[in-house]
Amino acid sequence: MRYVAYPTRHLVPLAFLPLAAIGCDGDAGPGASGLDSPDVPLVPDVEDVYTVGVLDGAAWEMFGSVRGVAFGEDGSLFILDNDAGHVVVVNPAGQFVRTISNKGEGPGELNQAVGLAVLGDGRIAVNDMNRGIKVFSREGESLQEAGFTFQTGMPGSRMYSMPDHSLLSAGMISRSFGALMGGGEEEEEPEGRPIGRFRLDGTQDEFHSAWAGPPVEDTDTQTGDMRIIMSGMEAFPLPLSFGVLGDGRVVLADSVGYRIKILDASGQVTGTLERPIAPVAVTDEIRDGERERRLAALAEGGSGGGGGGGATTMIISGTVSAGAGGGRPSGPDPEAMRRMREDRVESMTFPEEVPVISRLAVDWSDRIWVQRSALMGEPGPTDILTPDGQYFGTIASDGLRIPAAFGPDGLLAYIDRDELDIQRIRVVRLIGDQLLETAEGG
């Protein structure tokens, strides 16, 4: 395929770049370049829509632990608060509508909610960890529950709705961990990194096996009657990031280079998108700098994970509990945990190269937002592509970032924290985004 580079190299709002179709001769339409084009700087123009989340106010807006947000087709926003055990619904103006569910272990209640997704028919699916997916109507009625557990494999915090209302997630718990939870024998881990398809009838299968690099050894320490297992720490891990297009195809980043797979609705690779951007070789200077950065984060009270630290599993007197790498462990001596985390950073595994892509996401106009990697824990620049191989440009590292959720009509939702560490949901809109929806290619 031949590409024609867009010749204008000036700052231009993302919203005013026409979403043109590639012609039959392989040329990109106006406002788009081929993937081999040099970076074209973009400065998207946005307007604030609303912000919710306060220190002191109504119960619904005092968020404890927001674990996910998602938009409905009408622009309503659904906010999952794990501490409260409910989903907050606000209308397109940010006004409170209702809460869905409450904290508890009964039918329709949420005990440890870690992720949500809005299905194509408007239903809301919530992943209640080790209790399965619970489905609610927009009005808050509990409709059904699909049982997924540690033992059988369960979705993670990021779930993506498919046209058939199944859910894709890369968060299936490892077989070895599931065996520990269930007291059974450990099974051999799969060679790749599985992306699972979870159906609301309680069945699941492997949608696609993403590429996996060399395994990283876990650390296993016995302290008295306490066994602590920490997943091995890997600097600059391979991405495992994907999004669902409107027609059910999936875009996936799982490689070292700038390579995005296009999968059909059955999980088969049908094409790739590539830009000629080489990965950065990892040097001794980079290794030393990354260790120093993570140790400094530990000293300031963080986990030192740096986004690639993996999960921490603790087994106490034969009982397993799991949490994120910087979680709040109950039981272990804090000083012993600190030393273990420092040792984990010191023994961190480094790849030969830093993967080019950090993560990707798909917006409601089927544009692919591709965040490139950067060193020292900073976000990289973000490319805007289409599944047909058009490149619109690149947003600078300090510019607009990939949101926690995309919505219709250019809506973007971000989960922020203020100076008092209060969680707030900030919603903005890409100005003029409707032009992208309706523009025709030349």
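Quick look at the numbers
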read-out: The stretch 73-82, subset part of a strand (DSSP E or B) and in contact with a Lys or Arg (Cβ under 8 Å, 6 or more places away or on another chain), residue surrounded by the most Cβ atoms within 10 Å (Cβ to Cβ); value: 80
read-out: Residues being part of a strand (DSSP E or B), crowded, with 20+ Cβ neighbours inside 10 Å, at pLDDT 75 or above and not small (Gly, Ala, Ser) - total across the stretch 198-243; value: 5
read-out: Among the residues listed as 267, 257, 271, the single one being in contact with a Pro (Cβ under 9 Å, 6 or more places away or on another chain), surrounded by 12 or more Cβ atoms within 10 Å (Cβ to Cβ) and closer than 23 Å to residue 168 by Cβ; value: 271
read-out: Residues (in a strand (DSSP E or B) and touching a His at 6+ places or on another chain (Cβ under 8 Å)) located in the stretch 83-135; value: 99, 100, 103, 110
read-out: Set 136, 148: member being out of contact with any Pro (no Cβ under 6 Å at 6 or more places or on another chain), under 13 Å from residue 204 (Cα atoms) and among the hydrophobic types (A, V, I, L, M, F, W, C); value: 148
read-out: Tally of residues being more than 19 Å from residue 277 (Cβ to Cβ), out of contact with any Gly (no Cβ under 6 Å at 6 or more places or on another chain) and among the aliphatic types (A, V, I, L, M) across the stretch 342-375; value: 1
read-out: Subset tally (residues that are buried (at least 17 other Cβ atoms within 10 Å of the Cβ), in a loop (DSSP other than H, G, I, E, B) and of a type in the set (Gly, Ala, Ser)) for the stretch 352-403; value: 4
read-out: Any pair with Cβ under 9 angstrom, 6 or more apart, that starts in the stretch 43-60 at a residue that is outside any strand (DSSP E or B) and ends at one that is of a type in the set (Ser, Thr, Tyr) and at pLDDT 95 or above; value: 59/99; 60/99
read-out: Qualifying position, being closer than 30 Å to residue 231 by Cα, among the basic types (Lys, Arg) and in contact with a Leu (Cβ under 8 Å, 6 or more places away or on another chain), among 367, 344, 372, 338; value: 338
read-out: Positions within the stretch 379-390 being closer than 13 Å to residue 366 by Cα and not small (Gly, Ala, Ser), in sequence order; value: 384, 385, 386, 387, 388, 390
read-out: Failed condition for residue 6, given (1) modelled with pLDDT of 95 or more; (2) under 23 Å from residue 363 (Cα atoms); (3) not aliphatic (A, V, I, L, M); value: (1)
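The values are calculated or read from the model by the stated rules, or taken from the named source; none is laboratory data. Every value quoted in this text rests on a predicted model; they were computed, and no experiment measured them. All Cβ positions, even for glycine, are placed from backbone atoms using ideal geometry, and neighbour counts span all protein chains on display.
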